[in-house]
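The values are calculated or read from the model by the stated rules, or taken from the named source; none is laboratory data. Because the structure is a prediction, the values reported are computed rather than measured. Cβ atoms come from the backbone with ideal geometry, glycine included; neighbour counts cover every protein chain shown.
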Amino acid sequence: MNVLSRLLSGSSSQTQKQRVSSMSDAYRFQIGEIRATVVSDGQMLVPVAPIYSAFAAKSEVSAALVASGLDSEIVELELNLLVLEFNSRKILIDTGCGRLAFYGDNGHGLARLKSAGISPDEITDVILTHLHPDHVGGIGDVQPQRLHFPNARHYVSEIEAAYWNSEHPDMSRQGLNEEGKQVFRDVAHQALSLLGDRAMRVKDGQRICECIEVISAPGHTPGHIILRIGSGHDQLIHLGDTIHHPAIQMAHPNWSSEVDSDPTLAEQTRRQVLSSVSSEQSLAVAYHARYPGLGRVTTMNEGFVWLPVDKGAITQW
């Protein structure tokens, strides 16, 4: 059985439609002296209900999607993998679905990194914004155990690691069914076990590889982090899963999803982070936004608007 089908109670058979991602090319841009590359692991296709209809009527969520020219029943979530080259480091942020093969056309991260001229053996650092399956599925194989980035140090929030390593992680505020919750626990445990002592614990305010600051952004998970990436006067904010889909959670930051460990805290964090990105006029990358996931944020009424950045609007390399 496909992993995602175990996560969703009452999911529609319509989610089994396959949509092939055409994002096979690498997207390259500069952040000061940092060379950045985005490759797509593919897409996940999840149903509006029940994942996004817990905090709004399904009809409202569908209307928001249609207003953006999107499908009313299926939410397309891109999987944007970001690689940073700075000094002697090659840093990968999140790893995609990998072996887990969620709904849609995904698990292409390794192949597309190689196509972009980036060998997995060359990756020196892997930063995990949190330990959900679509972010850690690409770190390696379980049977037999094999890391896909064998020469890399892997970073995970100390709060995130402690949460998933606890005997009974509190998932009482999530809307997933019990089997779905167990899948999340199993995948997180497998990731931490596979990494072993390669999993370096990080905390709020810590700097990694000289150019990255860790910022605590709890709610989606207790140890979810975002990243401030900077060189000179340029910076990029990696939003992780602060938002899932711009058409849903930008205009309506109160529309948390059923996979949020604390939906109320997730909303508070979302508002704080998006307000900060908007006021700073920062460039941002959203893991699940349409490839390559780059944009800026502006405020509108009580919510926000995601403004995708055109390729010609930022420095290429």
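Listed values, structure above:
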{"item": "Positions within segment 127-146 being under 14 Å from the mean Cα position of the chain (by Cα) and of a type in the set (Asp, Glu), in sequence order", "result": "Asp134"}
{"item": "Sole exception among (1) surrounded by fewer than 22 Cβ atoms within 10 Å (Cβ to Cβ); (2) touching a helix residue (DSSP H, G or I) at 6+ places or on another chain (Cβ under 8 Å) for Asp234, by number", "result": "(2)"}
{"item": "Answer residue from segment 234-280, given it is at pLDDT 95 or above and small (Gly, Ala, Ser) and is nearest to the chain's Cα centre (by Cα) among those", "result": "Gly240"}
{"item": "Residue in segment 69-77 that is more than 30 Å from Arg153 (Cβ to Cβ), of a type in the set (A, V, I, L, M, F, W, C) and touching a His at 6+ places or on another chain (Cβ under 6 Å) present", "result": "yes"}
{"item": "Residue list for segment 88-107, filter: more than 18 Å from His189 (Cβ to Cβ) and modelled with pLDDT under 95", "result": "Ser88, Ala101, Phe102, Tyr103, Gly104, Asp105, Asn106, Gly107"}
{"item": "Residues that are touching a Lys or Arg at 6+ places or on another chain (Cβ under 6 Å) and over 28 Å from Glu178 (Cα atoms), drawn from segment 240-297", "result": "none"}
{"item": "Boolean, Glu78 is more than 18 Å from the chain's Cα centre (by Cα) and in contact (Cβ under 8 Å) with a residue 12 or more places away in the chain", "result": "no"}
{"item": "Residue list for segment 149-164, restricted to those being hydroxyl-bearing (Ser, Thr, Tyr) and not in a helix (DSSP H, G or I)", "result": "Tyr155, Ser157"}
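Okay, residues lined up against (1) out of contact with any Phe, Trp or Tyr (no Cβ under 6 Å at 6 or more places or on another chain); (2) at positive phi:
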| site | (1), (2) |
| --- | --- |
| Arg153 | yes, no |
| Ala161 | yes, no |
| Glu179 | yes, no |
| Gly205 | yes, yes |
| Gly219 | yes, yes |
| Gly232 | yes, yes |
| Ile237 | yes, no |
| Ile243 | yes, no |
| Met250 | no, no |
